[in-house]
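See structure below.
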Amino acid sequence: MKITDLKCTVIGENPVVRVDTDEGISGLGEIESTKSYLKPHVLFYKRYILGQDPTNVERVMLRIRNLGGFKPWGSSVSAIEMALWDIAGKAAGLPVYKLLGGKIRDKVRVYNGGVRPPLKGVSPEDYVENAHEIKKSPEEFTIMKWGIGFHSRMASTVPGYFYGEVEEGYHYANRGLTTERGLEHTIACVKALKEEIGAEIGLALDCGPGWTVTSAVRLAKALEPLNVMWLEDMITGDYTPYTAVEEFRLVSSSTTTPIHTGEQIYLRQGFKNLIESHAVDIIGPDPCDVGGIAELKWIAEFAEMHGILVAPHGIFDGLIGLAALVQACATLPKNYIAFEYPVGRPEWWYDVVEGLPSKNQIVKDGFIEVPDKPGLGIELNEKAVRKHLKEGETCFE
Ligand SMILES: [Mg+2]
């Protein structure tokens, strides 16, 4: 089998990658809705993969893997990797998880970072009201995550939150030493949240990036009695193009509250020092950024050998990304906690991607059943695709 084309069409705001072959089998991959600008970057890789056998996934990846980077520059490589696995699975008549060594769980736990109304504000009452609404969602999530601190409007709307100038309209530009008032406000919000959701639901918090080591330690220690599941990306994260291994190690060695990072990191090499020095307790590689499905598997296995847990990021990965997350996470070792559940937004995505259970049945009791269809188990409905193309796009022509 040979790769005959690599195409990319922006549907809504998500670039969708399609790899075509001479045997009529195509594979799909998807890039986050926040990265529609990456289409030319995807097409850049075409020259490197044409004529290759897509079922030798690793051999193809060796040709392009070195030409990616930390978020957002790992997304295109990751989407192509997913499409290759999709082809390999369809060609073999097997779900991708079988090609990765088989599933070790029949259903995968997900956590809720995106099924919710927007927060009205950042007071303890606002968080409680938001949690109250989310608890009603039919998915019955067992773990929920909220943004606090610099990963929220706290820094820009709570007066005197930190010793720094507030920067508006720039992605997470606020960083610095939190004031006592800022710290107390943050702790009050988490306490209120925990009281509202109770012990039955795990509470995870996305915190930054932007904290100094000393404030991060103070927050983590203050929250110890609340048994939160993790504090995410306090030092670096999101779009930080490096990893603050030493700073994370200082924080995590000073507290029993689990420390989490890794959504922006590219490749297993990007995680090597973090894992080997036990700088965090939990890592969160996103298969749509880290280099793909198999990359996530390798990193999780390496983390398992070091006693580190895995809770993959995924909120903006879309429904094709969701299919890839399920296949990958079905195969991860016992250090797996849950992945962040991506929703189809806008709603019409559920008409565009076929093969998933209907929208209201994807998550049951906080879990997703692992499907057995070949490849990623999904197809595009081209008629629906044509209705929702971004302006100026054609349907993989
Ligand atoms: Mg995050």
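Values in this text are rule-based calculations from the coordinates and carry no lab data. Values in this document were obtained by computation on a predicted structure and should not be read as measured data. All Cβ positions, even for glycine, are placed from backbone atoms using ideal geometry, and neighbour counts span all protein chains on display.
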Quiz item: Taking the mean number of other Cβ atoms within 10 Å as a proxy for protection, how do you rank 282-293, 142-153, 81-92, 100-111 from highest to lowest?
Solution: 282-293, 81-92, 142-153, 100-111
Self-check item: Gain in span if fully extended, Thr4 to Ser277, counting 0.36 nm per residue against the direct Cα distance
Solution: 93.9 nm
Quiz item: Dipole of the chain (Lys/Arg Cβ +1, Asp/Glu Cβ -1, origin at the Cα centre): which of Leu380, Leu356, Gln52 lies farthest to the positive side?
Solution: Gln52
Exercise. May I ask for the distance between the Cα centers of the range 335-397 and the range 204-281, given as a whole number of Å?
Key: 31
Quiz item: Dipole of the range 1-148, Cα-centred, from +1 at each Lys and Arg C-beta and -1 at each Asp and Glu C-beta, to the nearest 20 debye?
Solution: 340
Quiz prompt | Segment Leu67-Asp351, extension gain: residue separation times 0.36 nm, minus the distance between their alpha carbons | solution = 98.9 nm
Quiz prompt | Anchor Lys191: aspartates and glutamates whose Cα lies under 20 Å away (excluding residues fewer than 8 positions away in-chain) | solution = Glu125, Asp126, Glu129, Glu133, Glu180, Glu200, Asp206, Glu224, Glu232, Asp233
Quiz item: Which value at 222 nm does the chain reach when only helices count, each DSSP H run of 4 or more adding -39,500 (n - 2.57), with the total divided by all residues and rounded to the nearest 500 deg cm²/dmol?
Solution: -10000 deg cm²/dmol
Quiz item: Given the alpha-carbon gyration tensor of the chain, what are the semi-axes of its equivalent ellipsoid in whole angstrom, ordered largest first, with each equal to the square root of 5 times an eigenvalue?
Solution: 35, 22, 20
Quiz prompt | Convex hull projection area averaged over all views, the range 47-157, Cα basis, nm² | solution = 10.7
Self-check item: At 1.002 mPa s and 20 °C, Stokes diffusion of the range 192-278 via Kirkwood alpha-carbon radius, µm² per second
Solution: 159
Quiz prompt | FRET efficiency estimate (nearest 0.05) - Cβ-Cβ, Glu391 to Leu50, R0 25 angstrom | solution = 0.30
Quiz item: Given +1 on the Cβ of Lys and Arg, -1 on the Cβ of Asp and Glu, and no further charges, what dipole in debye does the range 99-375 carry about its Cα centre, rounded to the nearest 20?
Solution: 400
Quiz item: Assuming R0 = 56 Å, what is the FRET efficiency of Arg153 and Asp22, from their Cβ-Cβ distance, to the nearest 0.05?
Solution: 0.60
Quiz item: In whole Hz, what ³J(HN,Hα) sequence does the range 47-60 give by Karplus (6.51, -1.76, 1.60; θ = phi - 60°), x for Gly and Pro?
Solution: 4, 8, 10, 4, x, 7, 7, x, 6, 8, 3, 5, 5, 5
Practice problem: Please work out whether the range 1-114 counts as rounded, prolate or oblate from its C-alpha gyration tensor, where a ≥ b ≥ c are the square roots of the eigenvalues and a/c under 1.5 means rounded, while otherwise a/b larger than b/c means prolate and anything else oblate? | Solution: oblate
Quiz item: Ser254 to Ala173: FRET efficiency via 1/(1 + (r/R0)^6), r the Cβ-Cβ distance, R0 22 Å, to the nearest 0.05?
Solution: 0.25
Exercise. Take peptides 383-394, 308-319, 176-187 and line them up by average Cβ neighbours within 10 Å, highest first, as a rough protection proxy.
Key: 308-319, 176-187, 383-394
Self-check item: Between the range 15-65 and the range 131-159, the alpha-carbon center distance in angstrom
Solution: 35
Quiz prompt | Helix 293-305 axis, angle to the chain major axis (alpha carbon atoms, nearest 10°) | solution = 50
Practice problem: Using +1 at the Cβ of each Lys and Arg and -1 at the Cβ of each Asp and Glu in the chain, identify which of Ala222, Ile80, His132 lies farthest towards the dipole's positive end. | Solution: Ile80
Quiz item: What list of ³J(HN,Hα) couplings, whole Hz, do you get for the range 317-324 from phi and the Karplus terms 6.51, -1.76, 1.60, once you set θ to phi - 60° and write x for glycine and proline?
Solution: 6, x, 7, 6, x, 4, 4, 5
Self-check item: Straight-distance crosslink candidates among lysines, where the alpha carbon sits under 19 Å from Lys2 and sequence neighbours closer than 8 are dropped
Solution: Lys46, Lys90
Exercise. Count the DSSP beta bridges whose two residues both fall in the chain, then state the antiparallel fraction as a percent rounded to the nearest 5.
Key: 50
